[in-house]
Amino acid sequence: MIVLVAAVMFAVPWWVLVAAPTGRSGTLYRVGTGVCVVGFVGLPVAMFFGHGPPQLDSAAIVGDVLLGVLWVVFVWSVIGSVVRGGLSVAGVKGVRATRGVAVAVAVVSVVLTAYGVFEARRVPQVRTVDVAIPGLADGLDGLRVVVLTDTHFAALDREDWSREVVDVVNAQRPDVVGLAGDLVDGSVEKRRDQVAPLADVQAPLGRFYITGNHEYLDDAQSWIDYMASLGWQPLHNAHRTVDRDGDRLVVAGIDDPTADVPGHGPDLPAALAGADPALPVVLLAHQPKQVADSSAAGVELQISGHTHGGQIWPFHYLVRLDQPVVAGLSRHANGTQLYTSRGTGYWGPPMRVFAPSEITVLVLHPQR
């Protein structure tokens, strides 16, 4: 099935950009076909050596870049095919039209690839969202919760980027900072330098961290321990009560549903055990679909990531098949609200197209 999908993703651009405009002859046809064949063979090889057992960072970079470029070119080749069909119906036919569509697809793909790389690699913009919380004490009005998620520190070294993110976070004057999972791709040994700047995040009422699905691709417990060594409080199916001048709020966290380590896995009852039921709960849960359990438990606000907002358009349509929300603030059963961040970093392809990253400031207010 994977081979079939890959074949289609290479075949469509091959036809739109190579075969159709060249009439399947000439130097451009031979070179273009050769590039497609090399890509079709090279992509799975690079992904295996980069993300499979060898774990070679150089291969991961090559594979991730190829995957991102392929997705952009494939999507716009499909759009180009639709446009070409419309032109044909309108009576605009011939080699000139075919070549015009090919040039347009190539130009758009190059521009969006460059834009996507810039968008992914820059320090995220700050997004501020006001959230009304039932039962929130007046003394906590204006409480600032800064959300980071899906930083995905990986093969491309982003230590400087990490330090810049910390500077932006601290500039928001957060009371609480939550990191909602998918911190890294890789081991503590390989990624610790990129994560280390997070020790400088300042939040007087607490810095909280939960695991996402990607921690469980390596050694989640090692990352829990490392984040604790940086002064963060891992919420491994646990909660803490934050207090400002006697007014209190419960901050809880649960594991990702993909956890396959003994003693791990989401357990909301355990996370809330012993919490004062009169206090509102802000829950860190990596995947938006965990909101079903949050709603059943009467959680006031769930904070999630995981979706990346789709990361590279129009992938968000596929994300929506698995998750109830792709991005933003939404309301669910029993009055539970869900904030889904588009993520602070990116996974795999170092690209974001029409799905900008974010550092989120949730400003909490009592519900009037």
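The values are calculated or read from the model by the stated rules, or taken from the named source; none is laboratory data. Everything quoted here is computed from the prediction, not taken from an experiment. All Cβ positions, even for glycine, are placed from backbone atoms using ideal geometry, and neighbour counts span all protein chains on display. Heavy atoms of the whole protein, side chains included, go into the accessibility calculation; ligands, DNA and RNA do not. Shrake-Rupley method; radii C 1.70, N 1.55, O 1.52, S 1.80 Å.
A few remarks follow.
- Span from the the stretch 78-148 Cα centroid across to the the stretch 173-220 one, whole angstrom: 27
- For Y209, residues with placed amide H under 5 Å, excluding near neighbours: L179, Q233, L235
- Structure-derived semi-axes √(5λ) of the Cα gyration tensor in Å - corresponding label in (1) 39, 25, 16; (2) 53, 19, 18; (3) 43, 22, 18: (3)
- Between the amide H of I312 and those of V353, distances stay under 5 Å, these residues lying 5 or more places away or on another chain, with hydrogens modeled in the peptide plane.
- To the nearest 10, the accessible area of R24 is 140 Å² with a 1.4 Å probe.
- Taken as entire DSSP H runs, the helices of the chain that both span 20 Å or more between Cα atoms along their own long axis and average 1.0 or more on the Kyte-Doolittle scale are 27-51, 57-89, 95-121.
- Sites V126 and I2, calculated FRET efficiency, Cβ-Cβ separation with R0 45 Å, nearest 0.05: 0.70
- Relative contact order of the stretch 149-270, taken over Cα pairs closer than 8 Å and 6 or more residues apart, is 22 percent.
- Selected from G343, G26, G42 as most flexible by GNM, with the chain as the system and alpha-carbon contacts under 10 Å: G26
- Accessible-area order (highest first, 1.4 angstrom probe) of the listed residues V147, V107: V107, V147
- Gaussian network model of the chain, springs between alpha carbon atoms under 10 Å - residue of V166, V45, V89 with greatest fluctuation: V89
- Gaussian network model of the chain, springs between alpha carbon atoms under 10 Å - residue of V110, V326, V250 with greatest fluctuation: V110
- The mean sequence separation of alpha-carbon pairs under 8 Å and at least six residues apart, normalised by the residue count of the chain, gives a relative contact order of 20 percent.
- Local electrostatic count at D182 - Lys and Arg +1, Asp and Glu -1, tallied over other residues with Cβ under 13 Å: -4
- Theoretical gain in end-to-end length, D141 to K289 [0.36 nm per residue, Cα-Cα removed]: 50.5 nm
- Under Karplus coefficients 6.51, -1.76 and 1.60, residue-wise ³J(HN,Hα) of the stretch 304-314 in Hz, glycine/proline x: 9, x, 6, 7, 6, x, x, 6, 10, 3, x
- Equivalent-ellipsoid semi-axes of the stretch 269-368, from the Cα gyration tensor, Å, largest first: 27, 14, 12
- Spatial offset of the stretch 260-281 relative to the stretch 29-65 amounts to 42 Å, using the alpha carbon center of each.
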